[in-house]
Amino acid sequence: MLSEKPHRRYNILTGEWILVSPHRTKRPWQGKEEKLPSFDQPAYHANCYLCPSNIRAGGIKNENYSSTYSFVNDFGALLLENENESFENGLLKGKVEKGICRVICFSPDHSLTLPLMKVSDITDVIRLWKKEYKELGERPEINHVQIFENKGAIMGCSNPHPHGQIWAQSSIPEEINKKSFHLKTHFDKHNRSLLIDYLEQEIKADERIVFSNDHFVVLVPFWAIWPYETMVIPRKHYQHIRQLNTDEEAAFAEAIKVVTTKYDNIFETSFPYSSGIHQRPTDGNEYSEWHFHMCFYPPLLRSATVKKFMVGYELFANPQRDITAEMAAKTLKHLPEIHFTSIE
Ligand SMILES: [Zn+2]
């Protein structure tokens, strides 16, 4: 019913709406084309500030690491040493924000990306995320820990070395507050996780599921904004990644490997995206309603060089997309789980 007509879809996690216009998918494209990223990176790059033993711009030398590696960003957007100060003058309000920005190297090998890494090596990344979430979250001045990755120059990431970031801060960010509200409203009413109920409905419909294993489901959410947006959702009602056991860590790693491999396979390119893990804040409250999940927001639309822009109507009204979530899910579901560069 929704596959042909322009319609709006509701995001159950943020309470926001998006416009879907499937009849527009056939319109011609004469707009901007991006440069193709390259796969032929060396395993070690002397000028890379993330490669083992190299000296970073701030003069600090990286460890000669052999698995994962993390450090405080030399030019972080947040600082811990600030005094608590607030500012109020009539209608103008401000507040000093305390925080820590960390860089997480996924591998010592400069040439890799998550889809090219082994599941066991991605599991090491998940273990490092767990450790960082614990250590940062336990600090009294830190109330929220955001784990994320920007992949590709198109996403503003200048260094191809496989890495992500963590921004941990004293305030709880807007996206989290929105999701907390809607998760809590559902939990208070039904005493069940909103995402458990959503997963149940999606598994039954089987229109937007891309991949699943014993512990995780990867799907294109009904309300997806980005053309090939996906969510990785644990089947169990877990508030945060520290609750994952060894088997579940490996299953999470497999889900990440499969979805990022399928991404690369769509246009046979190193597929750019921003990904992030949303989980319960670390301010010490229970947040029983929270159900952690990972989101991938990739900008590519119709080829390796044509991206979706969030401009005009999206900036002034609400997000809009042309291909439906079901069309995107169908494409992703049927793509091979083997990376195109390793198929003879
Ligand atoms: Zn490097």
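The values are calculated or read from the model by the stated rules, or taken from the named source; none is laboratory data. This one's a predicted model, so the numbers in the text were calculated from it and none came from an experiment. Cβ sites come from the backbone with ideal geometry, for glycine too, and all protein chains shown count toward neighbours. For the accessible areas, the whole protein counts, side chains as well, though only heavy atoms, and no ligand, DNA or RNA atoms are used. Shrake-Rupley method; radii C 1.70, N 1.55, O 1.52, S 1.80 Å.
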**OP:** Please specify each residue of region 235-269 satisfying the condition of being within 26 Å of Ile323 (Cα to Cα) and out of contact with any Pro (no Cβ under 7 Å at 6 or more places or on another chain).
**Re:** Ala255, Ile256, Val258, Val259, Lys262, Ile266, Phe267, Glu268
**OP:** Considering each of Asn150, Asn191, Asn177, Asn159 in turn, give the residue that is surrounded by fewer than 17 Cβ atoms within 10 Å (Cβ to Cβ) and closer than 30 Å to Phe39 by Cβ.
**Re:** Asn159
**OP:** Go through (1) more than 16 Å from the ligand (Cβ to nearest atom); (2) part of a helix (DSSP H, G or I); (3) at pLDDT 95 or above and name the single condition Val125 misses.
**Re:** (1)
Original post:
Is it the case that Thr282 is open to solvent by 10 Å² or more (accessible area, probe 1.4 Å), within 30 Å of Thr185 (Cα to Cα) and either without any contact (Cβ under 8 Å) to a residue 12 or more places away in the chain or of a type in the set (S, T, N, Q) (or both)?
Top reply: yes
Subject >> Of all residues in region 168-189 being touching a Pro at 6+ places or on another chain (Cβ under 9 Å) and hydrophobic (A, V, I, L, M, F, W, C), the one that is nearest to Phe296 (Cα to Cα) >> reply: Ile176
Original post:
List pairs: first in region 109-137 and open to solvent by 30 Å² or more (accessible area, probe 1.4 Å), second β-branched (Val, Ile, Thr) and not in a helix (DSSP H, G or I), Cβ under 7 Å, 6+ apart or cross-chain?
Top reply: Asp124/Thr68
Original post:
How many residues does region 41-65 contain that are in contact (Cβ under 8 Å) with a residue 12 or more places away in the chain and either away from the ligand (no atom under 14 Å from the Cβ) or in contact with a helix residue (DSSP H, G or I) (Cβ under 8 Å, 6 or more places away or on another chain) (or both)?
Top reply: 2
Original post:
Would it be correct to say that Ile323 is open to solvent by 20 Å² or more (accessible area, probe 1.4 Å), assigned to a loop (DSSP other than H, G, I, E, B), touching a residue at least 24 places away in the same chain (Cβ under 8 Å) and closer than 21 Å to Tyr10 by Cα?
Top reply: yes
Original post:
Got a sec? Which of Thr261, Thr269 is among the polar types (S, T, N, Q) and either buried (at least 22 other Cβ atoms within 10 Å of the Cβ) or modelled with pLDDT of 95 or more (or both)?
Top reply: Thr261
Subject >> Gly164 being modelled with pLDDT of 95 or more, of a type outside the set (S, T, N, Q) and within 16 Å of the ligand (Cβ to nearest atom) >> reply: yes
Original post:
Can you name the residue in region 96-122 that is of a type in the set (D, E, K, R) and closer than 17 Å to Ser270 by Cα and, of all such residues, is farthest from the ligand (Cβ to nearest atom)?
Top reply: Lys118
Subject >> Residue count, region 296-311 (criterion: open to solvent by less than 10 Å² (accessible area, probe 1.4 Å) and assigned to a strand (DSSP E or B)) >> reply: 3
Original post:
Is at least one residue of region 280-288 assigned to a loop (DSSP other than H, G, I, E, B), out of contact with any helix residue (DSSP H, G or I) (no Cβ under 9 Å at 6 or more places or on another chain) and on the phi > 0 side of the Ramachandran plot?
Top reply: yes
**OP:** Test Gly31 against the criterion of being closer than 25 Å to Leu128 by Cβ, assigned to a loop (DSSP other than H, G, I, E, B), modelled with pLDDT under 95 and away from the ligand (no atom under 11 Å from the Cβ), and give yes or no.
**Re:** no
